[in-house]
Amino acid sequence: MGEKQGKPLSSLKHVKAASSLSSVLLMAGMTTHVAFYNENSFWYFTDAQYARFVPEIRCRFQVSRLATYFPSEFHRTHHIPYVVANLIAVKDGTRNGGLLKI
């Protein structure tokens, strides 16, 4: 089944705009269809190749688990995927093993 993929964020301005829009929709009582994230949304925090496009982002994370799933058949039928992102904050000094792309 071809899953609908959103575009990754291309600048921090998009994040701020999305946050503002979400706030407005929530205040207006419109709590559905507020945001769409996919696994690519985390590239700017986990991969140096993409982080360089948004130098304002200073945090770094290592991916422990990043997956898309459907919690029920209803969600699958209506194309409502959930993204789970277990990320490890990268700090100076000792760190966990595993692939570090940022």
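Where does the charge balance sit around D47 when Lys and Arg score +1, Asp and Glu -1, over other residues with C-beta under 11 Å from its C-beta? Before the final figure, lay out each step's value.
Values: positive: R52, R60, K101; negative: none.
So the surrounding residues net to +3.
Note the full-extension length gain between L99 and F53 as 0.36 nm times their separation in residues minus their Cα-Cα distance, in nm to one decimal. Working shown, then result.
On the way: separation 46, 0.36 × 46 = 16.56 nm, distance 2.11 nm.
The L99-F53 span can extend by a further 14.5 nm.
With a 10 Å radius around each residue's Cβ, average the other Cβ atoms per peptide and rank 42-48, 80-86, 53-59, highest first. Walk me through the intermediate numbers first.
Values: 42-48: 19.0, 80-86: 13.9, 53-59: 12.1.
In descending order of packing, they fall as 42-48, 80-86, 53-59.
Multiply the residue separation of V90 and F70 by 0.36 nm, subtract the distance between their alpha-carbon atoms, and state the gained length in nm to one decimal. Walk me through the intermediate numbers first.
Numbers: separation 20, 0.36 × 20 = 7.20 nm, distance 2.91 nm.
Length difference between fully extended and current span is 4.3 nm.
So if I restrict to the alpha-carbon atoms in region 55-101, what is the Rg, and what is Dmax, the biggest pairwise distance, in Å?
For region 55-101, the Cα radius of gyration and maximum Cα-Cα distance read 15.3, 46 Å.
No lab work stands behind these numbers, since they all come straight from the coordinates. Computed from a prediction, not measured in an experiment: that's the story for all the values here. Reconstructed Cβ throughout: ideal geometry from the backbone, glycine too, with neighbour counts over all protein chains shown.
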